[in-house]
Each structure stands twice: as C-alpha cells, then as structure tokens.
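The values are calculated or read from the model by the stated rules, or taken from the named source; none is laboratory data. Keep in mind it's a predicted model, so treat the numbers as computed, not measured. Here the Cβ positions follow ideal geometry from the backbone for every residue, glycine too, while neighbour counts run over all protein chains shown.
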Amino acid sequence: MERLTDVPESFIQSASADSAQANDYDSFAQAYSAENENNLVNAYYERPAMLALAGDVAGRRILDAGCGSGPLTAALRDRGAVVTGIDASAGMLALARRRLGDDVDLHVVDLRHRLPFADGAFDDVVASLVLHYLEDWGPTLAELRRVLRPGGQLIASVDHPFVAYTIQDPRPDYFATTSYSFNWTFNGQSVPMRFWRKPLHAMIDAFTTAGFRLSTISEPQPDPAARELFPDEFHDLSSKTCFLFFVVEVPPSSAGSDD
C-alpha cells in the first residue's frame with residue numbers, strides 16, 4: 001500500500017505508536033487516499049517509477065498486491081493491463097471500487113496468508129510500498145512467486161533502508177531487522193503506524209530465497225513536472241534517498257513454458 005515517507009513534521013505526533021492498533025487503514029482510508037492522490041512523493045515519484053519499471057503492460061495479467069484505493073491499479077488498467085487488486089483494508093478497497101467501477105477484480109486479502117489465486121495466474125505482480133509492513137517477507141514472497149507464471153516479474157517499492165535506519169534515535173543496528181513506530185496525523189486525526197526495516201542484503205536474500213532472480217535495483221528521480229508544482233520540496237526529493245525499487249523475475253522453466 002502506498003505510503004508517504006517524507007511526511008511533513010506536522011504529520012508525525014510522536015516517535016512511538018500502539019503497535020496493537022497500528023496500520024489500521026480502515027480508520028483513516030478517506031483522509032489517506034486524499035493525501036496521496038496528487039502529492040509529490042506518491043503521484044510524482046513513486047507511482048511514475050513503478051509504471052516505468054512495469055513497461056508495456058498492454059494485455060498482461062497483473063496483480064496489484066496492496067492496491068489501497070487503487071491509483072496504481074487504475075493507471076495500469078488505463079495502459080491496457082488486466083488488473084486484479086488485493087488489500088487488507090476493506091475501507092481502502094471500497095474507495096478503489098468507487099474509482100475503478102466493476103471492471104477490476106478486487107479482494108480483501110492479508111498478504112501474510114495464502115493468496116486465493118491459482119499457480120501462475122499472473123504475468124506480473126506490483127507491490128507498491130507494502131513489504132515494509134512485514135517482519136518476515138519469506139511467506140509473502142513465496143506466495144507471490146507461486147501466482148506468477150514462469151518468466152513473470154515482481155515489481156516492488158519499499159522504504160529505502162538508508163532512510164528507515166535514521167528515523168529512530170539512537171540509530172539502531174543497521175544489520176538487524178527491527179521495527180519502528182510513529183503517529184501520523186491527517187486532518188487532525190492521529191493514527192499509529194508501525195513498519196519493519198531490514199538491511200539491503202536481507203532484502204535481496206529474501207527475494208532469492210523465494211526463488212526470484214534479481215533483475216533491477218532502482219533509485220529513480222521524480223517526474224520533472226514536479227519541479228514547478230513543488231519548487232520547495234523538489235530539490236530534496238531529487239537529491240536524497242527516499243524509496244528503493246526492485247524488479248525480480250521468476251526464472252523461465254527448463255522447458256521454456258509461458259502459460
């Protein structure tokens with residue numbers, strides 16, 4: 001699910017959050033969706049980067065894993081993909097349904113559980129700013145690989161580890177997998193959030209252990225159009241780390257099959 005990492009300081013209430021109630025997107029779905037609809041980080045940086053890495057998607061069967069209210073789903077559909085969206089938040093999916101109508105299949109699904117799809121059901125999976133909600137990527141990546149056809153690819157974005165390890169003071173052990181929490185504030189509503197950070201080598205190991213082959217690691221630039229729209233923030237985003245993007249592939253079978 002898309003997440004604004006460079007949150008203005010006014011959005012962050014404290015450095016701690018109630019982890020038992022954290023990440024309840026149902027409680028602030030509307031406010032969150034409105035916030036990232038046209039902002040700099042999501043609309044002019046993260047989504048364009050995901051679409052660029054996806055390339056020509058016309059006719060491809062794509063699973064949007066953690067689709068939220070559906071802005072990336074809609075962009076893929078508009079480029080000719082046959083998209084299925086899943087998210088753990090029913091509230092976010094209700095907004096996605098309003099955006100997408102009835103021509104996109106949507107399911108409430110927790111990525112920590114088995115996916116309700118057949119083996120090899122998709123040509124591609126996009127996972128936009130969702131993996132960093134998970135302590136253990138292993139079971140989720142294994143399921144995403146299962147539902148991809150041979151030769152299919154997973155395109156994923158996560159908080160850049162160099163950013164995530166600067167959030168807590170004192171700075172935690174970079175080589176350890178650790179959680180961090182804080183409160184976001186949207187329109188005066190405070191919501192607790194919790195994320196997991198892991199070093200770069202652990203991310204790559206998780207992909208390869210799940211059977212993926214690393215194709216691309218990307219640290220893209222924001223859309224140049226954002227320079228005039230966000231003159232104060234553009235320089236910071238274009239000169240500092242924010243998110244890290246991966247393209248990993250399912251190796252073709254020995255027989256070269258392509259469902």
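So here's what we get for this one:
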{"item": "Strands (runs of 3 or more DSSP E) contained in the stretch 124-219 and holding at least 2 residues over 27 Å from ARG77 (Cα atoms)", "result": "178-186, 189-197"}
{"item": "Filter result for PRO150 (in contact with a Pro (Cβ under 6 Å, 6 or more places away or on another chain), at pLDDT 95 or above and farther than 22 Å from PHE245 by Cβ)", "result": "yes"}
{"item": "Residue within the stretch 220-243 that is crowded, with 18+ Cβ neighbours inside 10 Å, modelled with pLDDT of 90 or more and within 20 Å of TYR133 (Cα to Cα) present", "result": "yes"}
{"item": "Matching entry among SER215, SER190, SER253 (being touching a residue at least 12 places away in the same chain (Cβ under 8 Å), closer than 20 Å to THR140 by Cα, surrounded by fewer than 20 Cβ atoms within 10 Å (Cβ to Cβ) and among the small types (Gly, Ala, Ser))", "result": "SER215"}
{"item": "Filter result (more than 23 Å from ASP110 (Cβ to Cβ), among the charged types (D, E, K, R), modelled with pLDDT of 95 or more and touching a helix residue (DSSP H, G or I) at 6+ places or on another chain (Cβ under 7 Å)) within the stretch 37-76", "result": "ARG47"}
{"item": "Complete set of residues in the stretch 62-101 that are more than 17 Å from the chain's Cα centre (by Cα), crowded, with 20+ Cβ neighbours inside 10 Å and assigned to a strand (DSSP E or B)", "result": "none"}
{"item": "Some residue of the stretch 188-200 being among the β-branched types (Val, Ile, Thr) and either modelled with pLDDT of 95 or more or under 25 Å from ALA34 (Cβ atoms) (or both)", "result": "yes"}
{"item": "Meets criteria (free of Cβ contacts under 8 Å to residues at least 40 places away in the same chain and either surrounded by 15 or more Cβ atoms within 10 Å (Cβ to Cβ) or among the hydroxyl-bearing types (Ser, Thr, Tyr) (or both)) for ALA164", "result": "yes"}
